[in-house]
Amino acid sequence: MNPLLSVKGTIISGFVLAAISIAVLGGGELNIAALTTWLHVIAGVIWIGLLYYFNFIQVPGVGVALADTDGPGPAAINKYIAPRALFWFRWAALATWITGVGALQGTGGIMAAFTFAEGSQVIGLGAWLGTIMLLNVWGLIWPNQKKILGLDGKEHSADVIAAAKKTALMASRTNVVLSIPMLMCMTAFGHGGMPF
């Protein structure tokens, strides 16, 4: 069976290839800091990738589908794609934050980052931006998307759904804005400092 024919098989294949890479190139001892950072990057790519997908592709695509009176409409996206994407989105956000906090242990500590201690200001700013983004996902985006997509099991009026759309969109767009300096801080900390 070809493992690339399923998502699960594809993911497992990636981790098997990574394990082979570790066996060939690794130092023989468990490096918790490197492992945590690697898992943080994987989760972060999923989270930010989906954030950008929603904002740059899905939301504009649904808008076009709604305006196209002769087209199929946005029903398939909202029924089949959005719930699955939101599942990966919210859990990747949480996994990114948890592994990020774990990775802070190797950068001077969690407290140093979140209090902007000397030498931890850049990673601290990135950590705070990521924390705000996580709170937006779980506190604003996900609860409102459940209303919009009817995933909360309740009937909502058109006004409630319209308000939920606006709140979710603004929180999501805020996360796009925050993601740009957050990614700069994360990469700057481990790769030679700020760009300027």
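The values are calculated or read from the model by the stated rules, or taken from the named source; none is laboratory data. Bear in mind the structure is a predicted one, so any value in this text is a computation, not a measurement. Note: ideal-geometry Cβ built from the backbone for every residue, glycine included; neighbour counts use all protein chains shown.
Cβ-Cβ distance below 9 Å, separation of 6 or more or different chains: which pairs start in the stretch 74-94 with a residue that is in the same structural domain as I48 (by TED's automatic domain parsing) and among the β-branched types (V, I, T) and end on one that is surrounded by 12 or more Cβ atoms within 10 Å (Cβ to Cβ) and part of a helix (DSSP H, G or I)?
Hits for this filter: I77/Q58; I77/G61; I77/V62; I77/A65; I81/Q58.
Which members of the stretch 53-81 meet the condition of being polar (S, T, N, Q), surrounded by 15 or more Cβ atoms within 10 Å (Cβ to Cβ) and more than 19 Å from N175 (Cβ to Cβ)?
N78
Just name the residue that is surrounded by the fewest Cβ atoms within 10 Å (Cβ to Cβ) out of those in the stretch 149-162 that are in contact with a helix residue (DSSP H, G or I) (Cβ under 8 Å, 6 or more places away or on another chain) and in a loop (DSSP other than H, G, I, E, B).
Here the residue is K154.
Report yes if some residue within the stretch 4-12 is assigned to a helix (DSSP H, G or I) and within 29 Å of D152 (Cα to Cα); otherwise report no.
Just the residues of the stretch 4-12 that are assigned to a helix (DSSP H, G or I), to begin with: 4-5, 7-12.
With the extra rule that they be within 29 Å of D152 (Cα to Cα), the set shrinks to 7-8.
Looking through the stretch 4-12, at least one residue is assigned to a helix (DSSP H, G or I) and within 29 Å of D152 (Cα to Cα).
What is the residue count in the stretch 181-196 for residues that are part of a loop (DSSP other than H, G, I, E, B) and either touching a His at 6+ places or on another chain (Cβ under 6 Å) or within 10 Å of V122 (Cα to Cα) (or both)? Spell out how you get there, then give the answer.
Kept after step one, since they are part of a loop (DSSP other than H, G, I, E, B), are these residues of the stretch 181-196: 191-196.
Filter once more, so that each one left must be either touching a His at 6+ places or on another chain (Cβ under 6 Å) or within 10 Å of V122 (Cα to Cα) (or both): 193-194.
Adding up the residues that qualify gives 2.
Restricting the search to the stretch 101-111, which residues are under 18 Å from M194 (Cβ atoms) and not in a loop (DSSP other than H, G, I, E, B)?
Once the filter is applied, which keeps residues that are under 18 Å from M194 (Cβ atoms) and not in a loop (DSSP other than H, G, I, E, B), the stretch 101-111 yields only T107.
Give V24, V62 a once-over and let me know the one that is in a helix (DSSP H, G or I), over 24 Å from the mean Cα position of the chain (by Cα) and farther than 20 Å from W91 by Cα.
Result: V24 is the single residue among V24, V62 that is in a helix (DSSP H, G or I), over 24 Å from the mean Cα position of the chain (by Cα) and farther than 20 Å from W91 by Cα.
Determine if the stretch 140-162 includes at least one residue that is modelled with pLDDT under 95, within 20 Å of A93 (Cα to Cα) and under 17 Å from the mean Cα position of the chain (by Cα).
No, that holds for no residue.
Select from the stretch 163-196 the residues that are closer than 21 Å to F87 by Cβ and more than 19 Å from the chain's Cα centre (by Cα) and write down the one among them that is surrounded by the fewest Cβ atoms within 10 Å (Cβ to Cβ).
Checked the stretch 163-196; the qualifying residue surrounded by the fewest Cβ atoms within 10 Å (Cβ to Cβ) is K165.
Please specify each residue of the stretch 75-115 satisfying the condition of being modelled with pLDDT under 95 and of a type in the set (D, E, K, R).
Passing the criteria: only K79.
Within the stretch 114-129, does at least one residue satisfy the condition of being surrounded by fewer than 15 Cβ atoms within 10 Å (Cβ to Cβ) and in a helix (DSSP H, G or I)?
So far as the stretch 114-129 goes, no, none of its residues is surrounded by fewer than 15 Cβ atoms within 10 Å (Cβ to Cβ) and in a helix (DSSP H, G or I).
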